[in-house]
Amino acid sequence: MQELSLYQKDYLGKRIMTKKLRIGVVPYMNAKPLIYTLTQQSDSVELLFEVPSLLPEMLNNDHIDVAIIPSIEYFRNGNYAIVPNISLSSLGTVESVKIFSKVPIQNIRTAALDKSSLTSCTLTKILFKEYYHLSPQYTSWNNQYDISRIDTDAVLIIGDNAMRASDNGYFTLDLGQAWFEYTGLPFVYAVWAVKKTHRMPDINILLQNAKECGMKLVKTIAADESQRLRFPYEKCLNYLTNSMKYNLGKNEIKGLQTFYHYAVSLGLAPQGVKIVFNET
């Protein structure tokens, strides 16, 4: 078990005296380095796992105190504050956000979007319109385990299921790589966020510490995920160390702002939303 810092012990001790810190998390491998050590603190932290599209509503309704939310929902809601220095992002190939198509990408006329990911759906629409000059008809789809049954030209799949699906027989498009080719920037899929009206600056250090500890234990996490998902260990380790990035620095923020700009231009997000951090 990872040794807690004095700050964590003090902070978690205070939470025990009041209530558990309720944390909303996606159930995918990509988030495990951010929460690995928190799973060992069940006396003071309660982790609630849900698909990305449902976590913002849980946060809005105060069912959780902090959540990993889709980056597009930060801009659509306008009532969140971002925990600094942490994100789920990529710089190039991401592996877990992919289009599988029966036809060459430039021939796509219909596409089914995995409704569990709001950010990836928005990213798909941006890249198809701006990069590939496509305007397909979109439908929602959540049959995440059998892409052979789709009746559209293409389908968007995210998370562990995207890594599990076979490329055999399909034209594939990695959206992280496509975004990087188009903009030269990182893409931020999700951020830790709290409600602006319930800011908790103290948790910034807690979550940052958890991220740093998780990255130090990434080989252990990769081994656990390999067993859970029945993926090769090397595949999990490469994904967690090369495909996924966990910082939120200047370049990631620029990527986030660029994504917002395109979303606004296509009418997929409201204008005038600023990036606000979970600070006093």
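The values are calculated or read from the model by the stated rules, or taken from the named source; none is laboratory data. In this text the structure is predicted, and so the values were computed from the model without any measurement. Cβ atoms come from the backbone with ideal geometry, glycine included; neighbour counts cover every protein chain shown.
Look at segment 162-185: where a residue is closer than 22 Å to H261 by Cβ and modelled with pLDDT of 95 or more and a partner is surrounded by fewer than 20 Cβ atoms within 10 Å (Cβ to Cβ) and among the aromatic types (F, W, Y), sitting 6+ places away or on another chain with Cβ atoms under 6 Å, you get Y182/Y131.
Quick check, is G249 within 19 Å of A81 (Cα to Cα) and either surrounded by fewer than 16 Cβ atoms within 10 Å (Cβ to Cβ) or free of Cβ contacts under 8 Å to residues at least 12 places away in the same chain (or both)? Taking the combined requirement at face value, the residue satisfies it. Can I157 be described as closer than 21 Å to L240 by Cβ, in contact (Cβ under 8 Å) with a residue 24 or more places away in the chain and among the hydrophobic types (A, V, I, L, M, F, W, C)? So I157 fits the description; yes. Among the residues making up segment 188-205, a single one is surrounded by 17 or more Cβ atoms within 10 Å (Cβ to Cβ) and out of contact with any strand residue (DSSP E or B) (no Cβ under 8 Å at 6 or more places or on another chain): N204. For segment 107-142, the candidate set comprises residues that are in a loop (DSSP other than H, G, I, E, B) and either of a type in the set (V, I, T) or more than 20 Å from the chain's Cα centre (by Cα) (or both); within that set, the residue that is surrounded by the most Cβ atoms within 10 Å (Cβ to Cβ) is I108. When segment 34-52 is filtered for residues that are in contact with a strand residue (DSSP E or B) (Cβ under 7 Å, 6 or more places away or on another chain) and part of a loop (DSSP other than H, G, I, E, B), the ones remaining, listed by number, are S44, E50, P52. Give all pairs with beta carbons closer than 8 Å in which a residue from segment 257-270 that is under 14 Å from Y131 (Cβ atoms) meets a residue that is surrounded by 19 or more Cβ atoms within 10 Å (Cβ to Cβ) and charged (D, E, K, R); count only pairs at least 6 apart in sequence or on separate chains. From residues that are under 14 Å from Y131 (Cβ atoms), the pairs are L266/K125. Restricting segment 222-246 to residues that are part of a helix (DSSP H, G or I) and basic (K, R), the residue that is surrounded by the fewest Cβ atoms within 10 Å (Cβ to Cβ) is R228.
Taking the criterion of being in contact with a helix residue (DSSP H, G or I) (Cβ under 9 Å, 6 or more places away or on another chain) and part of a loop (DSSP other than H, G, I, E, B), the residues of segment 248-271 that qualify are L248, L266, L268, A269, P270, Q271.
Here is a yes/no grid of residues against (1) surrounded by fewer than 21 Cβ atoms within 10 Å (Cβ to Cβ); (2) at pLDDT 95 or above; (3) farther than 23 Å from I157 by Cβ:
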{"residue": "P33", "(1), (2), (3)": "no, yes, no"}
{"residue": "Y36", "(1), (2), (3)": "no, yes, yes"}
{"residue": "T39", "(1), (2), (3)": "yes, no, yes"}
{"residue": "S42", "(1), (2), (3)": "yes, no, yes"}
{"residue": "P52", "(1), (2), (3)": "no, no, no"}
{"residue": "P56", "(1), (2), (3)": "no, no, no"}
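Scanning segment 143-157 for residues that are over 26 Å from S226 (Cα atoms) and part of a helix (DSSP H, G or I) yields a single hit, R149.
Just to check your reading of the model, which residue among S101, S90, S135 is in contact with a helix residue (DSSP H, G or I) (Cβ under 7 Å, 6 or more places away or on another chain), within 16 Å of D174 (Cα to Cα) and at pLDDT 95 or above?
Numbers: S101 fails: in contact with a helix residue (DSSP H, G or I) (Cβ under 7 Å, 6 or more places away or on another chain); S135 fails: within 16 Å of D174 (Cα to Cα).
After ruling out the rest, the residue left standing is S90.
Checking every residue in segment 168-175 against the condition of being under 21 Å from Q106 (Cβ atoms), buried (at least 16 other Cβ atoms within 10 Å of the Cβ) and of a type in the set (D, E) gives at least one match.
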